[in-house]
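Nothing in this text is a laboratory measurement; each read-out follows from the coordinates by a stated rule. Note that the coordinates shown come from a computational prediction; the quantities given were computed from them, not determined experimentally. So basically every Cβ, Gly included, is an ideal-geometry build from the backbone, and we count neighbours across all protein chains shown.
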Amino acid sequence: MDELENYYSGDSAWNTFSYVFDEFRTRPEVHSLTKTLGGRLDLACVIYGKVGSGYPQWLSKHIPALGNLTPLQCLGDAALLNRLREMLMRMPC
């Protein structure tokens, strides 16, 4: 199966994209989310910006674009993390 990580736009594109959500970095809920995501503040800001306050449920939801994995299941593997990042970059606002 052709997965999203094969189309990952690259770290430079991710960094540029995630910077757009930097405004959320001071929110207490983003700090909590950052801990859940293993210290990935950039990822926490993007998830909070895209998903909003429903992020706790979303993190455990099986998502077809992730190959029916949950976002949390993507954190332990570099390729799956890139899959998650690419999906977030493609998600509508």
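Given (1) of a type outside the set (Gly, Ala, Ser); (2) surrounded by 11 or more Cβ atoms within 10 Å (Cβ to Cβ); (3) within 20 Å of Cys93 (Cα to Cα), where does Gln57 come up short, assuming only one miss?
Result: Gln57 passes all but (2).
What residue, among those in segment 37-54 that are free of Cβ contacts under 8 Å to residues at least 24 places away in the same chain and either surrounded by fewer than 13 Cβ atoms within 10 Å (Cβ to Cβ) or of a type in the set (Ser, Thr, Tyr) (or both), is nearest to Met89 (Cα to Cα)?
Result: Gly52.
Is it the case that Gly67 is touching a helix residue (DSSP H, G or I) at 6+ places or on another chain (Cβ under 8 Å) and within 13 Å of Leu4 (Cβ to Cβ)? Steps first, answer last, please.
Details: touching a helix residue (DSSP H, G or I) at 6+ places or on another chain (Cβ under 8 Å): yes; within 13 Å of Leu4 (Cβ to Cβ): yes.
In short, yes.
Sort out which residues of segment 6-35 are buried (at least 18 other Cβ atoms within 10 Å of the Cβ) and either within 16 Å of Leu72 (Cα to Cα) or touching a His at 6+ places or on another chain (Cβ under 7 Å) (or both), and write them in order of number.
Selection gives Val30, Leu33, Thr34.
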